[in-house]
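The values are calculated or read from the model by the stated rules, or taken from the named source; none is laboratory data. Predicted model, so just to flag it, every value in this text is computed and none were measured. Using ideal geometry, Cβ is built from the backbone for each residue, glycine included, and neighbour counts are taken over all protein chains shown. To get the accessible areas, we keep the full protein, side chains included, count just its heavy atoms, and leave off ligands, DNA and RNA. Shrake-Rupley method; radii C 1.70, N 1.55, O 1.52, S 1.80 Å.
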Amino acid sequence: MTDKLNELTAAGVAVWLDDLSRVRLSSGGLDQLRREKHVAGVTTNPTIFAKALSDADEYNWQLRDLATRDVDVEEAVRMLTTYDVRWACDVMRPSYDGSDGVDGRVSIEVDPRSAHDADKTVAEAKALWWLVDRPNLYIKIPATEEGLSAITDTLAEGISVNVTLIFGLDRYSAVMEAFLAGLEQAKANGHDLSKIGSVASFFVSRVDAEVDKRLEKIGSDQAKSLRGKAAVANAQLAYERYTEVFASDRWKALAAAGAHPQRPLWASTSTKNPDYKDTIYVEELIAPGTVNTMPESVVNAYADHGETRGDTVTGAYDAARKVFADLESVGVDLADVIATLEREGVEKFEVSWQELLDGVTKSLKAAAQGTGAPNKAAKGNAKAADKAGGA
(Lines give C-alpha, C1' and ligand atoms only; values in the text may rest on other atoms or scores of the structure.)
Protein backbone atom coordinates (compact mmCIF):
# COMPACT_ATOMS: atom_id res chain seq x y z
CA MET A 1 0.00 0.00 0.00
CA THR A 2 1.27 3.47 -0.88
CA ASP A 3 2.22 5.59 2.11
CA LYS A 4 0.42 8.75 1.08
CA LEU A 5 1.49 10.78 4.12
CA ASN A 6 5.11 9.86 3.43
CA GLU A 7 4.65 11.13 -0.14
CA LEU A 8 3.27 14.37 1.26
CA THR A 9 6.22 14.71 3.61
CA ALA A 10 8.65 13.99 0.77
CA ALA A 11 7.01 16.80 -1.21
CA GLY A 12 8.12 19.24 1.49
CA VAL A 13 4.96 19.44 3.62
CA ALA A 14 5.35 18.79 7.34
CA VAL A 15 2.29 16.98 8.69
CA TRP A 16 1.18 18.36 12.06
CA LEU A 17 -1.76 17.34 14.23
CA ASP A 18 -4.31 20.00 15.17
CA ASP A 19 -5.40 18.37 18.42
CA LEU A 20 -4.19 17.37 21.86
CA SER A 21 -5.67 15.71 24.92
CA ARG A 22 -4.40 13.84 27.94
CA VAL A 23 -6.15 10.71 26.71
CA ARG A 24 -4.21 10.94 23.46
CA LEU A 25 -1.01 11.31 25.47
CA SER A 26 -1.59 8.63 28.08
CA SER A 27 -2.81 6.08 25.53
CA GLY A 28 0.29 6.51 23.38
CA GLY A 29 -1.89 7.71 20.52
CA LEU A 30 0.20 10.79 19.80
CA ASP A 31 3.42 8.82 19.73
CA GLN A 32 1.77 6.30 17.40
CA LEU A 33 0.80 9.10 15.01
CA ARG A 34 4.38 10.35 15.13
CA ARG A 35 5.78 6.92 14.36
CA GLU A 36 3.19 5.62 11.91
CA LYS A 37 1.52 8.64 10.29
CA HIS A 38 4.53 10.98 9.91
CA VAL A 39 3.00 13.52 12.31
CA ALA A 40 5.87 15.91 13.07
CA GLY A 41 4.23 18.58 15.22
CA VAL A 42 1.17 19.51 17.27
CA THR A 43 -0.99 22.62 17.44
CA THR A 44 -3.55 23.48 20.09
CA ASN A 45 -6.07 26.24 20.68
CA PRO A 46 -8.63 27.12 23.37
CA THR A 47 -11.36 25.10 21.64
CA ILE A 48 -9.19 21.99 21.62
CA PHE A 49 -8.42 22.33 25.33
CA ALA A 50 -12.06 22.99 26.20
CA LYS A 51 -13.01 19.77 24.44
CA ALA A 52 -10.18 17.77 26.02
CA LEU A 53 -11.01 18.89 29.53
CA SER A 54 -14.71 18.23 29.03
CA ASP A 55 -14.27 14.64 27.94
CA ALA A 56 -11.78 12.93 30.23
CA ASP A 57 -11.54 11.71 33.80
CA GLU A 58 -7.76 11.75 33.46
CA TYR A 59 -7.63 15.32 34.70
CA ASN A 60 -9.36 14.51 37.99
CA TRP A 61 -6.25 13.86 40.06
CA GLN A 62 -4.74 17.19 39.01
CA LEU A 63 -8.03 18.99 39.59
CA ARG A 64 -8.17 17.57 43.10
CA ASP A 65 -4.64 18.75 43.79
CA LEU A 66 -5.39 22.20 42.42
CA ALA A 67 -8.59 22.42 44.47
CA THR A 68 -6.69 21.39 47.59
CA ARG A 69 -4.24 24.22 46.96
CA ASP A 70 -7.11 26.69 46.48
CA VAL A 71 -5.66 27.96 43.23
CA ASP A 72 -7.77 30.34 41.17
CA VAL A 73 -9.23 29.19 37.88
CA GLU A 74 -6.75 31.13 35.73
CA GLU A 75 -3.81 29.35 37.33
CA ALA A 76 -5.62 26.02 37.18
CA VAL A 77 -6.16 26.34 33.43
CA ARG A 78 -2.50 27.14 32.91
CA MET A 79 -1.38 24.22 35.07
CA LEU A 80 -3.67 21.78 33.25
CA THR A 81 -2.81 22.91 29.74
CA THR A 82 0.92 23.35 30.22
CA TYR A 83 1.09 19.87 31.75
CA ASP A 84 -0.32 18.41 28.53
CA VAL A 85 1.84 20.56 26.28
CA ARG A 86 5.01 19.72 28.21
CA TRP A 87 4.17 16.02 27.89
CA ALA A 88 3.49 16.43 24.17
CA CYS A 89 6.83 18.22 23.73
CA ASP A 90 8.55 15.19 25.23
CA VAL A 91 6.63 12.82 22.94
CA MET A 92 7.58 14.89 19.89
CA ARG A 93 11.21 15.36 20.93
CA PRO A 94 12.54 12.69 18.53
CA SER A 95 11.08 14.65 15.61
CA TYR A 96 12.63 17.83 16.97
CA ASP A 97 16.06 16.26 17.37
CA GLY A 98 15.85 14.46 14.02
CA SER A 99 15.04 17.65 12.12
CA ASP A 100 17.63 19.90 13.80
CA GLY A 101 14.87 21.72 15.65
CA VAL A 102 12.66 22.48 12.67
CA ASP A 103 9.82 20.06 13.44
CA GLY A 104 8.71 18.25 16.58
CA ARG A 105 7.12 21.47 17.83
CA VAL A 106 4.08 21.80 20.08
CA SER A 107 2.11 25.06 20.31
CA ILE A 108 0.28 26.67 23.21
CA GLU A 109 -1.66 29.90 22.85
CA VAL A 110 -1.55 33.03 24.96
CA ASP A 111 -4.85 34.06 26.52
CA PRO A 112 -6.87 35.28 23.49
CA ARG A 113 -8.41 38.02 25.64
CA SER A 114 -5.01 39.72 25.45
CA ALA A 115 -4.95 39.68 21.64
CA HIS A 116 -5.12 43.48 21.51
CA ASP A 117 -2.67 44.12 24.36
CA ALA A 118 0.94 43.71 23.27
CA ASP A 119 2.48 44.05 26.72
CA LYS A 120 0.23 41.39 28.27
CA THR A 121 0.84 39.10 25.33
CA VAL A 122 4.63 39.29 25.69
CA ALA A 123 4.44 38.84 29.46
CA GLU A 124 2.29 35.75 29.09
CA ALA A 125 4.48 34.37 26.33
CA LYS A 126 7.47 34.59 28.65
CA ALA A 127 5.53 32.94 31.48
CA LEU A 128 4.37 30.06 29.28
CA TRP A 129 7.88 29.56 27.91
CA TRP A 130 9.15 29.26 31.46
CA LEU A 131 6.30 27.01 32.62
CA VAL A 132 6.60 24.45 29.84
CA ASP A 133 10.41 24.67 29.76
CA ARG A 134 10.97 22.67 26.58
CA PRO A 135 13.04 23.80 23.58
CA ASN A 136 10.48 22.45 21.09
CA LEU A 137 7.67 24.68 22.33
CA TYR A 138 5.92 27.32 20.23
CA ILE A 139 4.03 30.20 21.82
CA LYS A 140 0.98 31.09 19.72
CA ILE A 141 0.34 34.80 19.29
CA PRO A 142 -2.62 36.12 17.26
CA ALA A 143 -1.72 38.28 14.26
CA THR A 144 -3.74 41.29 15.31
CA GLU A 145 -2.28 44.74 14.71
CA GLU A 146 -1.25 44.87 18.37
CA GLY A 147 0.10 41.35 18.12
CA LEU A 148 2.70 42.34 15.55
CA SER A 149 4.93 44.15 18.04
CA ALA A 150 4.37 41.33 20.53
CA ILE A 151 5.66 38.85 17.94
CA THR A 152 8.83 40.88 17.45
CA ASP A 153 9.39 41.39 21.17
CA THR A 154 8.79 37.72 22.00
CA LEU A 155 11.21 36.50 19.35
CA ALA A 156 13.74 39.06 20.59
CA GLU A 157 13.67 37.21 23.92
CA GLY A 158 14.76 34.02 22.18
CA ILE A 159 11.26 32.51 22.38
CA SER A 160 9.86 30.53 19.44
CA VAL A 161 6.53 31.74 18.06
CA ASN A 162 3.60 30.34 16.12
CA VAL A 163 1.78 33.35 14.69
CA THR A 164 -1.90 32.45 14.47
CA LEU A 165 -5.13 33.81 12.98
CA ILE A 166 -3.60 35.14 9.75
CA PHE A 167 -6.24 35.59 7.05
CA GLY A 168 -5.05 38.29 4.67
CA LEU A 169 -2.02 38.90 2.47
CA ASP A 170 -1.12 42.33 3.81
CA ARG A 171 -1.26 41.13 7.40
CA TYR A 172 0.88 38.14 6.43
CA SER A 173 3.51 40.49 4.98
CA ALA A 174 3.45 42.43 8.26
CA VAL A 175 3.90 39.16 10.18
CA MET A 176 7.01 38.30 8.16
CA GLU A 177 8.36 41.80 8.82
CA ALA A 178 7.73 41.27 12.56
CA PHE A 179 9.57 37.96 12.35
CA LEU A 180 12.62 39.43 10.64
CA ALA A 181 12.75 42.32 13.10
CA GLY A 182 12.43 39.90 16.01
CA LEU A 183 15.33 37.77 14.83
CA GLU A 184 17.49 40.82 14.24
CA GLN A 185 16.82 41.95 17.80
CA ALA A 186 17.38 38.44 19.13
CA LYS A 187 20.75 38.37 17.42
CA ALA A 188 21.63 41.74 18.92
CA ASN A 189 20.57 40.38 22.32
CA GLY A 190 23.02 37.50 21.98
CA HIS A 191 20.56 34.67 21.33
CA ASP A 192 21.45 31.65 19.20
CA LEU A 193 19.21 32.08 16.15
CA SER A 194 19.42 28.39 15.29
CA LYS A 195 17.39 27.63 18.43
CA ILE A 196 14.53 30.01 17.58
CA GLY A 197 11.70 28.70 15.43
CA SER A 198 8.58 30.22 13.95
CA VAL A 199 5.64 29.38 11.75
CA ALA A 200 2.98 31.70 10.35
CA SER A 201 -0.46 30.07 10.58
CA PHE A 202 -2.44 31.13 7.54
CA PHE A 203 -6.09 30.09 7.89
CA VAL A 204 -7.71 28.41 4.94
CA SER A 205 -11.20 26.89 5.14
CA ARG A 206 -12.71 29.79 7.06
CA VAL A 207 -11.98 32.00 4.04
CA ASP A 208 -14.09 29.80 1.79
CA ALA A 209 -16.84 29.60 4.40
CA GLU A 210 -17.13 33.40 4.56
CA VAL A 211 -16.68 34.06 0.84
CA ASP A 212 -19.07 31.27 -0.17
CA LYS A 213 -21.72 32.73 2.12
CA ARG A 214 -21.40 36.06 0.32
CA LEU A 215 -21.41 34.41 -3.11
CA GLU A 216 -24.63 32.58 -2.25
CA LYS A 217 -26.18 35.89 -1.22
CA ILE A 218 -25.16 37.49 -4.52
CA GLY A 219 -26.78 34.50 -6.20
CA SER A 220 -25.71 34.89 -9.82
CA ASP A 221 -24.40 31.93 -11.82
CA GLN A 222 -21.02 33.63 -12.11
CA ALA A 223 -20.88 34.17 -8.34
CA LYS A 224 -21.85 30.58 -7.59
CA SER A 225 -19.17 29.31 -9.97
CA LEU A 226 -16.53 30.90 -7.71
CA ARG A 227 -17.48 28.96 -4.59
CA GLY A 228 -14.65 26.99 -3.03
CA LYS A 229 -11.89 28.88 -4.83
CA ALA A 230 -11.02 31.83 -2.58
CA ALA A 231 -9.23 30.00 0.23
CA VAL A 232 -6.75 28.12 -1.91
CA ALA A 233 -6.05 31.19 -4.06
CA ASN A 234 -5.46 33.27 -0.94
CA ALA A 235 -2.99 30.76 0.48
CA GLN A 236 -1.21 30.35 -2.84
CA LEU A 237 -0.62 34.09 -3.06
CA ALA A 238 0.61 34.06 0.54
CA TYR A 239 3.22 31.50 -0.46
CA GLU A 240 4.31 33.76 -3.30
CA ARG A 241 4.97 36.51 -0.76
CA TYR A 242 6.85 34.02 1.42
CA THR A 243 9.20 33.09 -1.41
CA GLU A 244 9.92 36.75 -2.12
CA VAL A 245 10.70 37.66 1.50
CA PHE A 246 12.88 34.63 2.11
CA ALA A 247 14.92 35.27 -1.01
CA SER A 248 15.84 38.78 0.19
CA ASP A 249 19.29 39.91 1.26
CA ARG A 250 17.86 40.79 4.65
CA TRP A 251 16.82 37.19 5.20
CA LYS A 252 20.08 35.82 3.80
CA ALA A 253 22.01 37.74 6.47
CA LEU A 254 19.92 36.12 9.20
CA ALA A 255 20.22 32.68 7.60
CA ALA A 256 24.00 33.10 7.59
CA ALA A 257 23.74 33.62 11.35
CA GLY A 258 21.95 30.27 11.72
CA ALA A 259 18.29 31.31 11.50
CA HIS A 260 15.56 29.02 10.20
CA PRO A 261 12.86 30.54 7.96
CA GLN A 262 9.39 31.20 9.29
CA ARG A 263 7.46 28.51 7.47
CA PRO A 264 3.91 29.07 6.21
CA LEU A 265 1.54 26.81 8.12
CA TRP A 266 -1.83 26.03 6.56
CA ALA A 267 -4.37 26.03 9.39
CA SER A 268 -8.11 25.33 9.48
CA THR A 269 -7.73 22.64 6.85
CA SER A 270 -10.83 20.57 7.57
CA THR A 271 -13.53 21.36 5.03
CA LYS A 272 -16.58 23.22 6.34
CA ASN A 273 -18.62 22.36 3.23
CA PRO A 274 -19.39 18.63 2.85
CA ASP A 275 -19.61 19.11 -0.93
CA TYR A 276 -15.84 19.70 -1.02
CA LYS A 277 -13.33 16.88 -0.99
CA ASP A 278 -12.16 16.31 2.57
CA THR A 279 -8.50 16.60 1.57
CA ILE A 280 -8.81 19.62 -0.73
CA TYR A 281 -6.95 22.00 1.59
CA VAL A 282 -4.02 19.60 1.71
CA GLU A 283 -3.81 18.54 -1.93
CA GLU A 284 -4.12 22.06 -3.33
CA LEU A 285 -1.51 23.53 -0.97
CA ILE A 286 1.52 21.30 -1.49
CA ALA A 287 4.73 23.31 -1.62
CA PRO A 288 8.27 22.94 -0.26
CA GLY A 289 8.94 24.25 3.22
CA THR A 290 5.32 24.36 4.39
CA VAL A 291 3.38 22.88 7.29
CA ASN A 292 -0.18 21.58 7.15
CA THR A 293 -1.82 21.13 10.55
CA MET A 294 -4.82 18.82 10.40
CA PRO A 295 -7.36 17.29 12.76
CA GLU A 296 -6.91 13.53 12.93
CA SER A 297 -9.89 13.02 10.61
CA VAL A 298 -8.01 14.81 7.82
CA VAL A 299 -4.75 13.00 8.61
CA ASN A 300 -6.60 9.69 8.22
CA ALA A 301 -8.45 10.85 5.12
CA TYR A 302 -5.21 11.81 3.41
CA ALA A 303 -3.60 8.53 4.43
CA ASP A 304 -6.53 6.75 2.80
CA HIS A 305 -7.19 8.70 -0.41
CA GLY A 306 -5.04 11.82 -0.55
CA GLU A 307 -3.29 12.67 -3.81
CA THR A 308 0.22 14.12 -3.83
CA ARG A 309 0.65 15.71 -7.25
CA GLY A 310 3.87 17.57 -6.61
CA ASP A 311 3.98 21.30 -6.02
CA THR A 312 0.43 22.62 -6.48
CA VAL A 313 1.21 26.18 -5.40
CA THR A 314 4.12 27.87 -7.15
CA GLY A 315 2.71 27.51 -10.66
CA ALA A 316 -0.72 28.80 -9.67
CA TYR A 317 -0.10 32.47 -8.85
CA ASP A 318 -1.65 33.94 -12.00
CA ALA A 319 -4.71 31.71 -11.67
CA ALA A 320 -5.03 32.75 -8.02
CA ARG A 321 -4.90 36.43 -8.96
CA LYS A 322 -7.65 35.81 -11.51
CA VAL A 323 -9.81 34.25 -8.79
CA PHE A 324 -9.35 37.40 -6.72
CA ALA A 325 -10.24 39.63 -9.67
CA ASP A 326 -13.31 37.54 -10.43
CA LEU A 327 -14.48 37.72 -6.82
CA GLU A 328 -14.13 41.49 -6.81
CA SER A 329 -15.99 41.70 -10.13
CA VAL A 330 -19.09 39.95 -8.73
CA GLY A 331 -19.12 42.19 -5.66
CA VAL A 332 -17.15 40.34 -2.97
CA ASP A 333 -15.26 42.84 -0.79
CA LEU A 334 -12.17 40.82 0.07
CA ALA A 335 -10.82 43.42 2.50
CA ASP A 336 -14.07 43.19 4.46
CA VAL A 337 -13.92 39.40 4.35
CA ILE A 338 -10.45 39.45 5.93
CA ALA A 339 -11.41 42.03 8.57
CA THR A 340 -14.50 39.99 9.48
CA LEU A 341 -12.55 36.75 9.77
CA GLU A 342 -9.87 38.29 11.99
CA ARG A 343 -12.44 39.83 14.31
CA GLU A 344 -14.49 36.64 14.49
CA GLY A 345 -11.38 34.49 14.91
CA VAL A 346 -10.33 36.31 18.06
CA GLU A 347 -13.92 36.37 19.34
CA LYS A 348 -14.38 32.62 18.82
CA PHE A 349 -11.23 31.83 20.77
CA GLU A 350 -12.29 34.25 23.51
CA VAL A 351 -15.60 32.41 23.79
CA SER A 352 -13.82 29.04 23.92
CA TRP A 353 -11.44 30.40 26.55
CA GLN A 354 -14.34 31.55 28.70
CA GLU A 355 -16.04 28.16 28.31
CA LEU A 356 -12.77 26.57 29.38
CA LEU A 357 -12.59 28.81 32.44
CA ASP A 358 -16.23 28.10 33.32
CA GLY A 359 -15.77 24.37 32.93
CA VAL A 360 -12.63 24.26 35.05
CA THR A 361 -14.36 26.37 37.71
CA LYS A 362 -17.11 23.76 38.00
CA SER A 363 -14.61 20.92 37.98
CA LEU A 364 -12.56 22.55 40.75
CA LYS A 365 -15.70 22.87 42.87
CA ALA A 366 -16.59 19.24 42.23
CA ALA A 367 -13.06 18.14 43.11
CA ALA A 368 -13.13 20.20 46.31
CA GLN A 369 -16.36 18.45 47.28
CA GLY A 370 -14.75 15.08 46.67
CA THR A 371 -16.96 14.05 43.76
CA GLY A 372 -14.08 14.12 41.29
CA ALA A 373 -16.48 14.86 38.46
CA PRO A 374 -14.84 15.67 35.16
CA ASN A 375 -15.61 18.95 33.49
CA LYS A 376 -18.83 18.65 31.50
CA ALA A 377 -19.51 22.34 31.09
CA ALA A 378 -17.80 22.58 27.74
CA LYS A 379 -19.43 19.47 26.35
CA GLY A 380 -20.99 21.58 23.63
CA ASN A 381 -17.47 22.04 22.29
CA ALA A 382 -17.03 18.32 21.71
CA LYS A 383 -17.63 18.70 17.99
CA ALA A 384 -16.23 22.18 17.75
CA ALA A 385 -12.52 21.43 17.70
CA ASP A 386 -12.56 19.87 14.24
CA LYS A 387 -14.74 22.66 12.91
CA ALA A 388 -12.77 25.45 14.57
CA GLY A 389 -9.55 24.29 13.04
CA GLY A 390 -6.93 26.59 14.17
CA ALA A 391 -3.47 26.15 14.52
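Of all DSSP bridge pairs formed entirely within the chain, close to 0 percent run antiparallel.
Specify the angular offset, from 0 to 90 degrees and rounded to the nearest 10, of the alpha carbon long axis of helix 145-156 from the longest principal axis of the alpha carbons in the chain. Between helix and principal axis, roughly 70 degrees.
In Å³ and rounded to a whole number, note down the convex hull volume per residue for the Cα atoms of region 86-194.
Details: hull volume 10.4 nm³, N = 109.
Output value, Cα hull per residue: 96 Å³.
HIS38 contributes about 50 Å² of solvent-accessible surface, heavy atoms of the protein only, 1.4 Å probe. When the pairs LYS213/LYS348; LYS51/LYS272; LYS229/LYS277; LYS140/LYS252 are compared against a 21 Å limit on Cα-Cα distance, LYS140/LYS252 fall above it. For region 323-368, the average shadow cast by the Cα convex hull is 4.0 nm², which is a quarter of the hull's surface.
Overall, the chain carries a charge dipole of about 520 debye about its Cα centre when +1 sits on the Cβ of Lys and Arg and -1 on the Cβ of Asp and Glu, all other atoms neutral.
Over the Cα atoms of the chain, compute the convex hull volume and normalise it per residue, giving Å³. Don't jump to the answer; show the numbers that get you there.
Numbers: hull volume 50.1 nm³, N = 391.
Per residue, the Cα convex hull of the chain comes to 128 Å³.
Within the assembled protein chains, the solvent-accessible surface assigned to MET92 is about 0 Å², based on a 1.4 Å probe. Peptide packing for 322-335, 258-271 was compared via the average number of neighbouring C-beta atoms within 10 Å per residue; ordered from the highest value, the list is 258-271, 322-335. Phi angles of region 174-182 translate, via the Karplus equation with coefficients 6.51, -1.76, 1.60 and θ = phi - 60°, into HN-Hα couplings of 5, 5, 5, 4, 5, 5, 4, 5, x Hz per residue; Gly and Pro are given as x. Solvent exposure of the chain amounts to 39 Å² per residue of accessible area, where only protein heavy atoms count and the probe is 1.4 Å.
Stokes-Einstein diffusion of region 151-201 at 10 °C, 1.306 mPa s viscosity, Kirkwood radius from Cα pairs, rounded to a whole number: 147 µm²/s.
With the convex hull drawn over the C-alpha atoms of region 243-356, the volume per residue is 190 Å³. Coupling constants for region 213-219 follow from the phi torsions by the Karplus curve (6.51 cos²θ - 1.76 cosθ + 1.60, θ = phi - 60°), and in residue order they are 4, 6, 5, 4, 5, 5, x Hz; glycine and proline get x. Listed by chain and number, the aspartates and glutamates whose C-alpha is less than 17 Å from the C-alpha of LYS217, apart from same-chain residues fewer than 8 away, are ASP208, ASP326, GLU328, ASP333, ASP336. The distance linking region 283-351 with region 6-76 is 25 Å (Cα centroid to Cα centroid, whole angstrom). The equivalent ellipsoid of region 161-299 has semi-axes of 33, 15, 11 Å, largest first, where each one is the square root of 5 times an eigenvalue of the Cα gyration tensor. When the inverse distances between all different Cα atoms of region 71-144 are averaged and flipped, the Kirkwood radius reads 12.9 angstrom.
Each 10 Å bin from zero up to the one holding the largest Cα-Cα distance in region 1-118 carries the following percent of pairs: 13, 39, 30, 15, 3, 0.
Compare the peptides 358-367, 198-207 by average per-residue count of other Cβ atoms within 10 angstrom and give them in order, highest first.
Ranking, from highest mean packing down: 198-207, 358-367.
Using a probe of 1.4 angstrom, how much of the accessible area of the chain is carbon and sulfur, in percent? Present the calculation step by step, with values, prior to reporting the outcome.
On the way: 7510 of 15190 Å².
Taking all protein chains in place, the chain shows 49 percent carbon and sulfur surface.
The simple spin-label model puts a point 7 Å past each Cα toward its Cβ; for GLN369 and ALA335 those points are separated by 5.4 nm. Once the C-beta distance of ASN189 and ASP90 is scaled by a Förster radius of 25 Å, the resulting FRET efficiency is 0.35 to the nearest 0.05. Provide the FRET efficiency to the nearest 0.05 for the GLU75-VAL351 pair, computing r from the beta carbons and using R0 = 25 Å. Once the sixth-power term is evaluated, E becomes 0.75. Residues whose amide H lies under 5 Å from that of ASN162, counting only those 5 or more places away or on a different chain, are ILE139, LYS140, ILE141, VAL199; hydrogens are built 1.01 Å from N in the peptide plane.
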